[in-house]
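Q: This is the structure I have questions about; it appears just below.
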Amino acid sequence: MKIERIELHLIRLPLVHPFETSFGRAFERPCVLVAMHSEGLTGWGECVAGDGPWYSSETVETAWHILRDFMLPALQGQAIQTAADVLPLLEHIRGHQMARAALEMAAWDLLGKAQNTALATMLGGVRQQVSVGVSIGIEPTIAEQLARVEQYVNAGYGRVKLKIKPGWDVEPVRAIRERWPDLRLQVDANSAYTLDALPIFQELDQVGLLLIEQPLNHDDIVEHARLQQQLQTPICLDESIQSPDHARWALAIGACRIINIKVGRVGGLTAAKAIHDLCAAQQVPVWCGGMLETNIGRAANLALASLPNFTLPGDISASARYYREDIAAPDFVLNTDSTVTVPTGPGLGVEVIPARLAAARQR
Ligand code: SMG
Ligand code: MG
């Protein structure tokens, strides 16, 4: 298929509930969407870069710049047979994985629609439902944190992830563990600690957590390896893994025992699948992370998480946990067994609703 035209849309959606991590509190999410046109079909991709360079160095404005000035001109008019064909065309551009991933996702959606095949099938998915959990932001008080966990446990989420930061770690985690002794519980520090915090991690090591996500520096693997040696609980890397090579290096030195795979962070579904395959070969479990996606990115996450080695619950909650009104349909709902059903329609299996896109669009 010849890539005839690509459009960029900058949208902004208010979150149902503010989301606080160790780097700040978000009330809404900006998002760059790409629409790739060919032969009367449109493929959609979602860029997960945020307002500021807090989770990663990319932002909506860096993504817009790199897409408009470098990536779109490199793809314009090119013929592709598979989604992975866009990657060599972008190879001369360093970094900017989230911008890259958005274009590659649009190519998967476009080709899936042209071939009348679901993304999960194209990737080699093996399950119709994927196990999911919910990621809960930092709340002002432990009472509010407990209430928030209760709300999601009652809604049917069987796995909860808590955000931690210095001053908000052992105490809230213990409080939740005491109230729900059997809950599948994990924590995510988003790189807020140094090795000096070893005593805190030794305490968290006693709470029965599934994993401790990205405790140390965002671009470190050496100190994560040192920390992992001193803990029973598996360390899971998120921010540190931006490519299949990073995953290989981290596993080679024992920096983690689990990897959180995010399509945007690693530069697309092809790289995400490569990390999945690498981990499967080494018996390292993986799970699909989330970036507060719209239903576009969520559909891609569900297809990815249908691959066999996604054995831990993903941060892929029901649509209603994020936005009152998404720009794409249908919404995803939580099944009673804490799973979400993988879409089966062609490509991503969701449709953008033009009126909602227009209402949310800023540029
Ligand atoms: O999409 O449910 C979700 C959010 C999952 O906690 C989540 N993501 O570091 O894993 C992570 C954070 C990054 C969010 S920054 C927008
Ligand atoms: Mg994380």
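The values are calculated or read from the model by the stated rules, or taken from the named source; none is laboratory data. Just so it is clear, the model here is predicted, and its values are computed rather than measured. Backbone-built Cβ (ideal geometry, glycine too); neighbour counts: all protein chains shown. Accessible surface areas use protein heavy atoms only, side chains included; no ligands, DNA or RNA. Shrake-Rupley method; radii C 1.70, N 1.55, O 1.52, S 1.80 Å.
Q: How many residues are part of a loop (DSSP other than H, G, I, E, B) and surrounded by 16 or more Cβ atoms within 10 Å (Cβ to Cβ) when one looks only at the range 310-344?
A: Here is the first cut: in the range 310-344, the residues part of a loop (DSSP other than H, G, I, E, B) are 311-313, 315-318, 322, 324-327, 330-338, 342-344.
Then keep just the ones that are surrounded by 16 or more Cβ atoms within 10 Å (Cβ to Cβ); that gives 312-313, 315-318, 322, 326-327, 332, 334, 338, 342-343.
So the answer is 14.
Q: Could we say that Gly297 is crowded, with 23+ Cβ neighbours inside 10 Å and closer than 24 Å to Gly267 by Cα here?
A: Working: crowded, with 23+ Cβ neighbours inside 10 Å: yes; closer than 24 Å to Gly267 by Cα: yes.
Yes.
Q: May I pose another question? Looking at Gly125, Gly40, Gly52 in this structure, which one is within 17 Å of Arg298 (Cβ to Cβ) and out of contact with any Gly (no Cβ under 6 Å at 6 or more places or on another chain)? Give the derivation first.
A: Details: Gly40 fails: within 17 Å of Arg298 (Cβ to Cβ); Gly52 fails: within 17 Å of Arg298 (Cβ to Cβ).
Result: Gly125 is the single residue among Gly125, Gly40, Gly52 that is within 17 Å of Arg298 (Cβ to Cβ) and out of contact with any Gly (no Cβ under 6 Å at 6 or more places or on another chain).
Q: For the range 279-291, name all the residues that are out of contact with any Ser or Thr (no Cβ under 9 Å at 6 or more places or on another chain), open to solvent by 10 Å² or more (accessible area, probe 1.4 Å) and within 16 Å of ligand 2 (Cβ to nearest atom).
A: Residues of the range 279-291 out of contact with any Ser or Thr (no Cβ under 9 Å at 6 or more places or on another chain): 279-284, 288, 291.
When the remaining residues are screened for being open to solvent by 10 Å² or more (accessible area, probe 1.4 Å), the result is 280-284, 291.
Residue satisfying the conditions is Met291 alone.
Q: Taking Ala305 and the conditions (1) within 16 Å of ligand 2 (Cβ to nearest atom); (2) at positive phi, which numbered condition does it fall short on, given that it satisfies the others?
A: The single condition Ala305 does not satisfy is (2).
Q: Right, here's the next one. Under 17 Å from Gln242 (Cα atoms), of a type in the set (S, T, N, Q) and either crowded, with 24+ Cβ neighbours inside 10 Å or modelled with pLDDT of 95 or more (or both) - does that describe any residue in the range 79-89?
A: no
Q: Kindly indicate the residue of the range 206-249 that is crowded, with 19+ Cβ neighbours inside 10 Å, in a helix (DSSP H, G or I) and not hydrophobic (A, V, I, L, M, F, W, C) and also farthest from the chain's Cα centre (by Cα) among those meeting that condition.
A: Gln228
Q: Gly137 versus (1) more than 25 Å from Leu302 (Cα to Cα); (2) in contact with a strand residue (DSSP E or B) (Cβ under 6 Å, 6 or more places away or on another chain): which is the lone unmet condition?
A: Looking at each condition in turn, Gly137 falls short on (1).
Yes/no per residue for (1) away from ligand 2 (no atom under 16 Å from the Cβ); (2) buried (at least 19 other Cβ atoms within 10 Å of the Cβ); (3) in the same structural domain as Tyr152 (by TED's automatic domain parsing):
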position: His9; (1), (2), (3): yes, no, no
position: Arg12; (1), (2), (3): yes, no, no
position: Val16; (1), (2), (3): yes, no, no
position: Thr21; (1), (2), (3): no, yes, no
position: Gly24; (1), (2), (3): no, no, no
position: Ala35; (1), (2), (3): yes, no, no
position: Gly40; (1), (2), (3): yes, no, no
position: Trp44; (1), (2), (3): yes, yes, no
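Q: Condition first: open to solvent by 20 Å² or more (accessible area, probe 1.4 Å) and away from ligand 1 (no atom under 16 Å from the Cβ). Now tell me which residues in the range 62-73 satisfy that.
A: Quick first cut of the range 62-73, residues open to solvent by 20 Å² or more (accessible area, probe 1.4 Å) only: 62, 64-65, 68-70, 72-73.
The answer is Trp64, His65, Arg68, Asp69, Phe70, Leu72, Pro73.
Q: Additional query: Between residues in the range 271-294 that are under 30 Å from Leu15 (Cα atoms) and residues that are surrounded by fewer than 24 Cβ atoms within 10 Å (Cβ to Cβ) and basic (Lys, Arg), which pairs lie under 6 Å by C-beta distance while being six or more apart or on different chains?
A: Leu292/Arg29
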